[in-house]
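Just so you know, all these numbers are worked out from the coordinates, no wet-lab data involved. Given the structure is predicted, the values throughout are model-derived calculations rather than measurements. Cβ placement follows ideal geometry from the backbone for every residue including glycine, while neighbour counts extend to all protein chains displayed.
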Amino acid sequence: MVDTRPFLPVSSHAGSDPTGPSENRRKPMKLQLSILFVLLTVGFFAALLTSNNGSDNGFVKENEHGSLASPSSEKQLRPVSRGPAVGVSEKSNRLFAKDNENQLAYPWNNSMLSWQRTAFHFQPEKNWMNDPNGPLFYKGWYHFFYQYNPHAAVWGDIVWGHAVSKDLIHWLHLPLAMVADQWYDKNGVWTGSATILPDGKVVMLYTGSTTENVQVQNLAYPADHSDPLLINWVKYSGNPVLVPPPGILDKDFRDPTTAWLTSEGKWRITIGSKINKTGIALVYDTKDFINYELLDGILHAVPGTGMWECVDFFPVSKTEENGLDTSVNGPSVKHVVKASLDDDRHDYYSIGTYHEKNGTWIPDEPKIDVGIGLRYDYGIYYAAKTFYDQNKNRRVLWGWIGESDSEAADMQKGWASVQSIPRTILFDKKTGTHLLQWPVEEIESLRLKSYEFNQVKVQAGSVVPLDVGPATQLDIIAEFEIDNEALEKTTGSNVTFSCSSSGGTVERGALGPLGLLVLADDSLSEQTPVYFYIAKGSDGKLKTFFCNDQSRSSVASDVNKQIYGNLVPVLEGEKLSLRVLVDHSIVESFAQGGRTVITSRVYPTKAIYGAAKLFLFNNATEASVSASLRIWQMNSAFIRPYPNDKESQ
Amino acid sequence: MNNTISLTLLHLAFCFTLVSFTPISALELHGTGANMVETTCQKTPFYNLCVSALKSDPRSSGADVAGLAQIGTDKLKAKATATLRQITALLKVAKDPELKMALRDCADYYNAIVKYDIPVAVEAVTKGDPKFGVEGATDAANEADACGRGFKNQPKFPIYASNKVVHDLSAVVASIVQLLL
């Protein structure tokens with residue numbers, strides 16, 4: 001029986017009148033009693049006052065007056081907000097529009113929900129997916145493993161899903177690679193990475209959550225190395241190979257990386273953890289992947305960043321336009337340390353120098369150290385992992401894209417999460433501080449009909465429709481030129497701008513916002529702007545911001561309405577350049593060749609199927625812009641089970 | 001005059017004595033030592049609810065934050081399950097079509113809470129991937145919120161109190177799990 005009373009402070013029994021007229025006859029006794037009671041009550045009252053803290057007065061009032069919808073109660077029914085400081089993104093992705101208190105959760109129908117499924121992004125046929133695991137290229141196939149819940153569209157019961165592809169785009173589902181069948185991974189077959197040995201064999205290190213809920217590292221390898229599909233996996237009989245070392249808590253030890261060779265010929269890996277609120281990366285050396293030696297020092301640490309999940313460590317060339325094997329080192333090489341921060345659900349990277357002898361790494365710019373500087377992606381993007389693709393000599397990045405709609409909708413549609421299109425990673429020679437991400441070239445094989453628009457003039461305060469036919473599966477490459485006069489004449493100001501705290505595209509500046517409206521309907525009642533906003537400082541210097549505005553992307557109230565984005569370095573002589581992949585409910589946008597990237601999930605109710613359109617827009621007050629674009633219709637990647645009855649899921 | 005004053009004083013004394021023995025102040029009477037429950041609950045948006053929920057479970061004395069998070073999710077599960085039963089019972093006797101519709105929506109929301117949100121939170125806390133626990137608990141709060149909004153234009157909200165407890169307790173659990181990050 002539900003009795004909520006124990007949780008409610010007992011209402012005052014004001015109104016009970018214990019005394020009666022008979023008391024009047026015993027005056028002296030009563031006086032003494034009164035004094036005694038007064039002293040007692042003063043004492044109690046004093047105790048109450050001094051130790052009372054943060055009590056829910058509003059709650060008590062509601063109970064007394066029985067009001068159902070007093071303003072204070074509505075305020076208390078807001079979703080819990082978190083984030084230690086201003087500017088830290090909401091970890092929970094449920095930010096409802098402020099004026100939607102009167103709206104119900106949106107009545108999603110099957111037509112709207114089934115439209116949301118992507119055509120060319122990797123996702124399993126149903127249920128929940130999260131981190132990418134152990135990506136590699138082996139015997140002619142790209143392999144992709146992933147955290148998967150075989151039972152529901154929410155996180156839980158995690159095992160390893162598996163798929164293969166010849167080109168990182170057309171994926172074929174295979175049976176689950178590993179399930180929770182040992183005591184050391186009974187409570188979770190979690191994230192791990194693959195290492196390819198010099199003889200071509202593969203080893204996999206992954207985190208298991210044991211029957212006692214301790215996080216340990218386990219070794220697994222293919223049952224049959226001659227099987228190009230790597231269908232069956234064997235777990236090493238002596239697992240776990242690593243348990244939390246002294247000083248590290250049982251639940252702060254996960255996500256081992258791909259190994260790289262040291263100058264002594266040993267293999268080295270790093271595993272993220274934390275000590276109090278300092279995020280760290282532990283380093284282990286091994287000769288056989290079975291016995292490990294924990295290095296005295298750590299790879300790196302940054303105070304205040306919290307737990308480092310899915311740490312990644314890899315070299316990039318300062319000079320060449322190709323990727324490097326994880327073991328490569330040398331004078332023309334920089335090393336990247338990346339961590340997924342548990343605290344704010346974002347992926348951060350930093351470029352620096354690796355000191356091989358003692359297994360440490362120092363950032364080039366401590367101000368943009370791991371966790372406090374640059375992000376791979378300013379939208380919804382987490383648990384990313386790279387691998388060296390020896391097939392095409394490039395480093396490829398995978399990233400998990402969660403949902404930003406309501407969990408109820410996820411359950412209704414029966415699935416949650418997609419992966420980003422794999423991206424190549426290169427050191428940005430021009431800035432020296434950024435990495436460049438770009439969709440793998442194989443995605444171009446999906447391009448169908450193309451449309452070209454040259455020097456389309458978009459005056460300040462106008463919208464130009466782009467007739468490209470259906471607009472839910474597109475690859476867009478655009479360049480924008482802002483008229484110089486406006487750039488020079490505009491007066492600068494001290495006002496600071498940030499995408500997330502701005503008013504989105506309705507907030508007009510002299511030199512922005514301007515860009516594209518994707519997944520927009522004819523009346524623009526739903527629209528997702530992907531745009532630039534140029535701010536001029538009082539010193540005359542221009543700063544360009546790249547943003548993605550979800551505030552009007554859907555009339556539904558139960559989807560994320562934030563504005564994502566960040567500064568994007570635009571160098572002398574560069575035009576504003578943009579690439580956007582639109583694939584139903586996911587939009588991936590790349591500014592300045594991939595210097596700043598934003599991925600967002602979009603859930604329109606009207607701008608779907610044939611009603612979705614594409615527009616150019618310029619909501620600046622002073623600048624006009626000239627846009628040149630090439631736009632392709634994109635084919636589906638037809639991701640499906642591997643065509644073999646015995647082996648398909 | 002004397003009698004009136006004495007009567008008033010006695011009356012006030014009686015009231016304060018009673019108020020003093022409510023759960024809140026009873027706790028404060030035990031002293032202001034660094035009690036894990038109190039310090040943890042101070043970091044949640046509903047202190048009193050948090051304290052009374054946790055303390056009602058004997059496991060709370062000597063529990064660490066992870067233990068308190070588990071107790072919190074257990075309590076939440078009990079409250080949500082009971083509220084779902086309440087909704088189901090009300091649906092059987094409800095005649096008004098709008099009331100039925102609102103109750104049916106709430107049944108859906110509570111099914112989600114009991115079947116998905118809370119198990120996710122429990123699993124995340126026990127196995128040590130707390131971010132999913134924060135998400136699960138926050139989802140539960142949002143489902144309860146959605147249920148409540150369905151009654152905004154209704155004259156009566158029969159499950160107001162239990163729904164509010166589920167919402168607030170979810171928010172409390174989310175805050176506690178956050179401390180594990």
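For peptide B:142-154, the mean count of partner chain Cβ atoms within 10 Å of a residue's Cβ comes to 5. Cβ-to-Cβ counts within 10 Å put A:Asp227, B:Asp74, A:Asp347 in ascending order as A:Asp227, B:Asp74, A:Asp347, the fewest first. Subtracting the Cα-Cα distance of A:Leu542 and A:Val506 from their residue separation scaled by 0.36 nm leaves 10.9 nm. So if we plug the beta-carbon distance of A:Ile362 and A:Thr621 into 1/(1 + (r/R0)^6) with R0 = 45 Å, what FRET efficiency do we get, rounded to 0.05? The formula returns an efficiency of 0.50 here.
With the biggest extent put first, the Cα atoms of the range A:204-333 measure 48, 46, 25 Å across the principal axes. In this entry, the range A:447-634 is assigned a mean projected area of 9.5 nm², taken as a quarter of its C-alpha convex hull surface. Over the range A:164-260, with a single point scatterer placed on each C-alpha, what log10 of the ratio I(q)/I(0) does the Debye formula yield at q = 0.14, 0.24 1/Å? The Debye formula, applied to the Cα set alone, gives -0.56, -1.29.
With R₀ set to 45 Å, the beta-carbon distance separating B:Asp57 from B:Met101 gives a calculated FRET efficiency near 0.80.
Figure legend: label point modelled 7 angstrom from the Cα of A:Asp288 along Cα→Cβ; residues of the range A:218-244 with amide N under 16 Å from it are A:219-221, A:236-242. Taken along the Cα-to-beta-carbon direction at a fixed 7 Å, the label points for A:Tyr451 and A:Gln390 span 4.5 nm. Using C-alpha pairs under 8 Å with a sequence gap of at least 6, the mean separation divided by the residue count of the range A:396-452 gives a relative contact order of 30 percent. Once both labels are positioned 7 Å from their Cα atoms along Cα-to-Cβ, the gap between A:Glu574 and B:Asn111 label points is 5.1 nm.
A Förster radius of 45 Å, combined with the Cβ-Cβ distance separating B:Lys92 from A:Phe638, puts the computed FRET efficiency at roughly 0.40.
Length, then width, then depth: along the principal axes, the Cα atoms of the range A:297-362 run 35, 27, 14 Å. Spin-label model, A:Ser226/A:Leu487: points 7 Å from Cα along the beta carbon direction are separated by 6.3 nm.
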